[in-house]
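Trainee: Okay, here's the structure, questions in a sec.
The values are calculated or read from the model by the stated rules, or taken from the named source; none is laboratory data. These figures come from a predicted structure and were not determined experimentally. As a convention, Cβ positions derive from the backbone with ideal geometry for all residues, glycine included, and neighbour counts pool all protein chains shown.
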Amino acid sequence: MASFEQIFQNNEAWVAEKLQKDPDYFHKLGKGQSPDYLYIGCSDSRVTAEDLMGLNPGDIFVHRNIANMVISIDMNVQSVINYAVRHLKVKHIIVCGHYGCGGVKAAMQPADLGLLNPWLRNIRDVYRIHKDELNAITDEEARYDRLIELNVQEQCINVLKLAAVQEAYYDHELTVHGWVFDVHTGKLKDLNINFAKILSDIREIYRIV
Ligand code: CO
């Protein structure tokens, strides 16, 4: 584990490296942000945003929580999405799950996890919506992987329930993407979710604008 002293030394080295490439780097960074991407991912320490996308400070507006959830009464994620869409005018919203997600694993167990119960309940709801498909998968690991993917899909749909997102989405100013990061290979997988089809099915229920 890196010591606190080491972290500050790392920071000095990082600043020096950036300035060596561009003496104006931090001057430019200080001027403000206009990222094209909003990334909603898991808090898991192995799943970063900038690193795995090969992007830099200023490129991504980031929100992370346990199991990359987009919950309607979570003012944190709702505020992040609203701000990203209405003020930063991001072009893409990415919900990125990951295989081996501890949050999703916990939601598959019949256990009382205290404060985490109401949070993980939302993943159990994803399981309920897709119960037939999931229960048909006999291999437990494969079912776990599939729930991780379906959770990403459902959180993307939750993103599309926001008025701000619907406005930008139907104006073709914004696209939503569901990804899964594979911690075993380091690779990103685009789930290629067919939002047009999903939305045509549920728009009558969730349409706000
Ligand atoms: Co996770």
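This table checks each residue for (1) in contact (Cβ under 8 Å) with a residue 24 or more places away in the chain; (2) β-branched (V, I, T); (3) part of a helix (DSSP H, G or I).
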site	(1), (2), (3)
G103	yes, no, yes
L113	no, no, no
I123	yes, yes, yes
T138	no, yes, no
E141	no, no, yes
I148	yes, yes, yes
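Trainee: If you don't mind, another one. Restricted to segment 19-49, and to residues that are assigned to a strand (DSSP E or B) and touching a Cys at 6+ places or on another chain (Cβ under 9 Å), which residue is farthest from M69 (Cα to Cα)?
Mentor: Looking at residues that are assigned to a strand (DSSP E or B) and touching a Cys at 6+ places or on another chain (Cβ under 9 Å), I get Y39.
Trainee: Any idea which of V62, V77, V70, V47 is modelled with pLDDT of 95 or more, within 16 Å of the ligand (Cβ to nearest atom), within 22 Å of L174 (Cβ to Cβ) and touching a Phe, Trp or Tyr at 6+ places or on another chain (Cβ under 7 Å)?
Mentor: Of V62, V77, V70, V47, the one residue that is modelled with pLDDT of 95 or more, within 16 Å of the ligand (Cβ to nearest atom), within 22 Å of L174 (Cβ to Cβ) and touching a Phe, Trp or Tyr at 6+ places or on another chain (Cβ under 7 Å) is V62.
Trainee: Applying the selection to segment 53-95, what residues are surrounded by fewer than 19 Cβ atoms within 10 Å (Cβ to Cβ), in contact (Cβ under 8 Å) with a residue 60 or more places away in the chain and outside any strand (DSSP E or B)?
Mentor: Passing the criteria: M53, I71, S72, Q78, N82, R86, K89, K91.
Trainee: Within segment 26-36, identify whether any single residue is touching a strand residue (DSSP E or B) at 6+ places or on another chain (Cβ under 9 Å), within 22 Å of Q153 (Cα to Cα) and modelled with pLDDT of 95 or more, and answer yes or no.
Mentor: Yes, that holds for at least one residue.
Trainee: Another one. Looking at segment 165-209 only, could you name the residues that are part of a loop (DSSP other than H, G, I, E, B) and touching a residue at least 40 places away in the same chain (Cβ under 8 Å)?
Mentor: Selection gives E173, L174, D182, V183, H184, G186, L191, I193, R207, I208, V209.
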